[in-house]
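The values are calculated or read from the model by the stated rules, or taken from the named source; none is laboratory data. All values derive from a computational prediction rather than experimental measurement. Glycine also receives a Cβ, built like all others from the backbone with ideal geometry; neighbour counts cover every protein chain displayed. In case anyone asks, the SASA skips ligands and DNA or RNA and just uses the protein heavy atoms, side chains included. Shrake-Rupley method; radii C 1.70, N 1.55, O 1.52, S 1.80 Å.
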Amino acid sequence: MKAEVIAIANHKGGVGKSFTAVNLAAGLARGGWRTLLVDCDPQSNATSMFDPDDDVEYDIYDLIKEEVPISKVIRSTRLENLDLIPSTLAVAKLDQELVTMHRREDQLAMALAPVYPDYDAIVLDLSPNLGQLVITALNSAEWLIVPTDASKWGRRGVNMFLEWSMTLRQHQVLSAQLLGVLLTKYESSTLISRDTLVGLRSDGLPLFDTFIPKRTAAERMVSDQVVLGDEGADPDLAKAYASFTVEVMTLIDQGRRNRGKHHA
């Protein structure tokens with residue numbers, strides 16, 4: 001069975017995108033899914049959660065541009081069932097270099113193809129921009145998750161991103177199904193959070209039932225390289241991301257069954 005490729009994407013920064021990617025990947029792995037986390041962001045935030053010593057030998061740039069075999073690029077992590085394709089600052093060069101490459105939108109999909117049978121899920125953490133690497137990564141995905149913070153600008157940003165992605169669909173570059181919008185940094189006690197939730201629902205967007213609460217402990221978890229299931233993880237954040245992971249697994253399982261019926 002081919003791995004399900006899940007892109008975590010939003011061009012707006014500060015919405016908890018990388019934090020969501022690493023915790024979803026950890027949740028899937030702890031749930032028994034063989035998972036590959038692919039860091040497509042030159043900021044390397046996802047990589048730093050599992051490689052705090054920054055001793056990356058090969059990254060996604062080497063995989064795509066230098067054609068280093070994927071077996072040499074993939075690294076195991078401290079979590080069972082979770083592997084990593086790391087990123088470094090060198091990945092920033094990919095946006096420009098992909099533009100001149102033949103079949104540029106297919107480059108990541110082709111690079112990942114040899115290991116599709118080895119995983120149940122591949123989670124892509126994308127840069128907060130609309131560059132060529134983001135387009136290439138989105139082209140490789142079956143599923144799209146868009147995190148957004150509970151703010152007026154967050155709501156505006158997610159709608160802008162989805163309008164842009166619709167243009168990619170019209171040009172047959174993006175075929176991923178929108179699995180849902182994940183509301184992050186949510187505070188039920190604040191009017192802006194509640195208004196953002198109402199606004200997103202009125203926009204007709206598919207929202208996950210789980211909201212990720214706003215917690216200063218998220219910064220501590222990042223600082224300590226702590227993810228869902230680790231000792232020391234914030235209980236509220238761990239509970240929320242565990243619930244979110246179950247939602248993702250359930251929706252993807254439903255998608256697999258529907259896909260099988262369609263193919264039949």
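R0 = 22 Å: FRET efficiency of residue 236 with residue 202, Cβ-based, nearest 0.05?
Result of the calculation: an efficiency of 0.20.
Return the sequence-ordered ³J(HN,Hα) values of segment 2-9 in whole Hz as given by the Karplus equation 6.51 cos²θ - 1.76 cosθ + 1.60 applied to θ = phi - 60°, using x for Gly and Pro.
6, 4, 8, 9, 10, 9, 9, 9
Please work out the FRET efficiency for the pair residue 153 and residue 103, using the Cβ-Cβ distance as r and a Förster radius of 25 Å; give the result to the nearest 0.05.
In this case the efficiency is close to 0.10.
Among [x] 39, 18, 15; [y] 43, 20, 16; [z] 26, 22, 19, which is the computed semi-axes √(5λ) of the Cα gyration tensor in Å?
The value matching this structure is [z].
Assuming R0 = 22 Å, what is the FRET efficiency of residue 78 and residue 243, from their Cβ-Cβ distance, to the nearest 0.05?
0.40
What accessible area, in Å² to the nearest ten, does a 1.4 Å probe give for residue 102?
150 Å²
Among DSSP beta bridges lying fully in the chain, give the percent that are antiparallel, nearest 5.
Around 5 percent antiparallel, to the nearest 5.
Ranked from the most accessible area to the least, with a 1.4 Å probe and all protein chains present, what is the order of 47, 250?
The ranking, largest first, comes out as 250, 47.
Can you put 202, 165 in order of accessible area, largest first, using a 1.4 Å probe?
Ranking 202, 165 by accessible area, largest first, yields 202, 165.
Once both labels are modelled 7 Å past Cα along the beta-carbon direction, what's the residue 175-residue 195 spacing in nm?
Going from the residue 175 label point to the residue 195 one covers 4.2 nm.
Where does the chain land at 222 nm, in deg cm²/dmol rounded to the nearest 500, when only DSSP H runs of n ≥ 4 count, each adding -39500 (n - 2.57), divided by all residues?
When only DSSP H runs of four or more count, the value is -13000 deg cm²/dmol.
Near residue 18, within a Cβ-to-Cβ distance under 9 Å, what is the net charge of the other residues, with Lys and Arg +1 and Asp and Glu -1?
-2
Taking Cα centroids, how far is segment 105-149 from segment 35-88 in Å?
Using only Cα atoms to place each centre, the spacing works out to 14 Å.
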